[in-house]
Every structure is written in C-alpha cells, then in structure tokens.
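Each remark here refers to the structure printed beneath this line.
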Amino acid sequence: MPPDLEERIAIESDNDVVTARQRARELAARLELTSTDQTLLATAISEVARNITTYATRGEVLLSIVREAGPPAREGIRVVARDRGPGIADLDLAMQDGYTSGGGLGLGLPGARRLVDEFDIETAPSVGTTVTLVKWSRAR
Amino acid sequence: MAVPILKQGPFLIATIQAALTDTDVLQLQDDVMTQVTRHRSRGIIVDVTALDVMDSFVSRSLRGIAMMTRLRGAQTVIDGIQPEVAFAMVQLGMNFEDVQTALDLEEGLALLQTQEGPGNGAT
C-alpha cells in the first residue's frame, strides 16, 4: 500500500527543524507510538533536518503513515528528508560515529539510524541527499 | 524564545521554557557567559525539564556551557533531563559524562551548595 502523505514541511531555517519534529511527534501520538518512541523519532528528525540547514541550506521533510497488512498488521511513520544540496562524497565515512565535515559531533546520521527502525540514505554529489526513516508502532 | 536567567545568591538559574531553536541555544551560551562574568557567579543551573528533545546540537551546546563556565571557575549543573530524552541521548551516542546533572532544580541547587562548601562566600 502506498504511504499516505500527511504533511510536508519546508526546511529553510532552524525554526523549521523544530516545526518538523513537533509535527512528527503529533502524528506519532495519533498513531499511539509510546512516549519514548515519539521522542526517539523526534530526535532523529532533528538530526536529519539539521543536516539540511547545515549542508544544503534548504530542503523538505515529508511525513507519511505507512501500514502493513501483516500479519501482524502494523502502522508506522515514514519520514523523508531530502534536499538538492551538495550530496555526500563519502557515504561510508559519513555513517561513521564521530566523523563530521560540518563542525559537529559526527553523531547526526549514525545516531539517527540508531533511533529508528528503518534507515535508508541515497545521495549523489551535486544532486542531493534523501534520507528515509521509519518508526513502527510497537505491537501491543 | 530567549531563556530567562535569574540570579540567586552566588548562582544563576536558567530555565528553558519551550523548544529551543539552534539560534536560541547559541544565545543562551552567550547570555550565560555574560552573566557569569557580570555577577562573578560560582555556579549555574540549566533546567531542561521543558525540553522534549535534546539532539546532538543542543547536547553539545549545553556541554559547551559547562566547559566554558568551568574555565571561569564556575560549576554548571544540568537538571530535569526527562526519562525519554535520556534514553534518546544514549541511543544517539551523546557523551555527557563530564557534565554534572541532577534530577530537578532543588537537587541541582543542593549539589551546587555542597560544592560551594560552608563559609565559602555564599552570603
């Protein structure tokens, strides 16, 4: 089933980073993700959205609900953070803890990966970067 | 949204009241350093009870406050990190080991007062 797009947030300033994670948390609360999972997702979004403002200047975050018929049936939130920025020259390096080209701690991408259930990144120099995250609601 | 900083005796108390943008966090760093210098403060408490996310930028900046104030001879305590936030910080891989933390504002103040010691100028 194709994901239902719920929201698109343009990322151009650090205010938009806050907006993106707040909207995602609202959506996560609607899907009854646990409070901890809401926080993990919001934190991951903060990391990938900040990468947009740091490296690409502008981009967007798309939030959608994903459903699997199962069994077991489950729902989750898919986050797509994409930009048409410079891309990442060495993805393996960028996914390593502690590596940074932007003056930070180098926790952004590898950290975000640890906070969600699914993580995918596509990037090409001078084309841009798309990071996709999925957080599933836990079976209850 | 600026973070209010209150002076209480030899200490400063900065209470974060809403989600912080990166600009707000950098402003807080500046403000704390200015006030520590102006008041010759011995300790700073940053209350983060209201923060529902502490990503790598916020964490690094708060740690920066602790390092910078220490160089000025003042101790910083971060209090009120929410359980979910603590969970996320560990998963993220944040190293906060060299930063003093406390459960809440009351315990943060108690910690600073202990370090200040009796008859150590806290009038």
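An ellipsoid equivalent to segment B:5-108, defined through the eigenvalues of its Cα gyration tensor, has semi-axes of 21, 14, 13 Å when rounded to whole angstrom and sorted largest first.
Protection proxy ranking for A:48-54, A:69-75, A:95-101, A:85-91, using the average of other Cβ atoms within 10 Å per residue and placing the highest first: A:48-54, A:85-91, A:95-101, A:69-75. Take each residue of peptide B:87-99, count the partner chain Cβ atoms within 10 Å of its Cβ, and average: the result is 5. Across chain A, Cα-Cα distances exceeding 24 Å account for 26% of all pairs.
Using the Karplus relation 6.51 cos²θ - 1.76 cosθ + 1.60 with θ = phi - 60°, the per-residue 3J(HN,Hα) values for segment A:108-122 come to x, 6, x, x, 4, 4, 6, 8, 10, 8, 9, 9, 9, 9, 10 Hz, with x marking Gly and Pro. Qualifying GluC sites (Glu not before Pro) in segment A:1-71, where qualification requires a DSSP coil assignment and no more than 15 other C-beta atoms within 10 Å, comprise A:Glu12, A:Glu32.
Against chain B, whose longest principal axis is taken from its Cα atoms, helix B:22-39 shows a tilt of about 10°. Derived scalar couplings between HN and Hα for segment A:86-102 equal x, x, 10, 5, 10, 5, 4, 5, 5, 8, 8, 4, x, 8, 9, 10, x Hz in order, rounded to whole Hz, by the Karplus curve 6.51 cos²θ - 1.76 cosθ + 1.60 (θ = phi - 60°), x for Gly and Pro. The alpha carbons of the protein assembly as shown occupy a box of 69, 43, 29 Å along the principal axes, longest dimension given first. Amide H contacts of B:Ile45: B:Leu12, B:Ile13, B:Ala14, B:Val77, each under 5 Å away and 5 or more positions distant or on a separate chain (H built 1.01 Å from N in the peptide plane; Pro and chain starts excluded).
Here A:Glu75 and A:Asp120 are evaluated by their C-beta separation; at R0 = 22 Å the FRET efficiency comes out at 0.70. The angle separating the long axis of helix A:14-30 from the principal Cα axis of greatest extent in chain A is about 20 degrees.
Per-residue Karplus couplings for segment A:57-64, computed as 6.51 cos²θ - 1.76 cosθ + 1.60 with θ equal to phi - 60°, are listed in order as 6, 9, x, 8, 10, 10, 10, 9 Hz, Gly and Pro entered as x.
Relative to the longest principal axis of the Cα atoms of chain B, helix B:105-116 runs at roughly 40 degrees. Of all beta bridges DSSP finds with both residues in segment B:5-108, what is the antiparallel percent, to the nearest 5? Within segment B:5-108, antiparallel bridges account for around 25 percent of the total.
Rule-based calculations on the coordinates, nothing more; no lab input. This is a predicted model, so every value here is computed, not measured. Because the Cβ atoms are built from the backbone with ideal geometry, glycine has one as well, and the counts that use them run over all protein chains shown.
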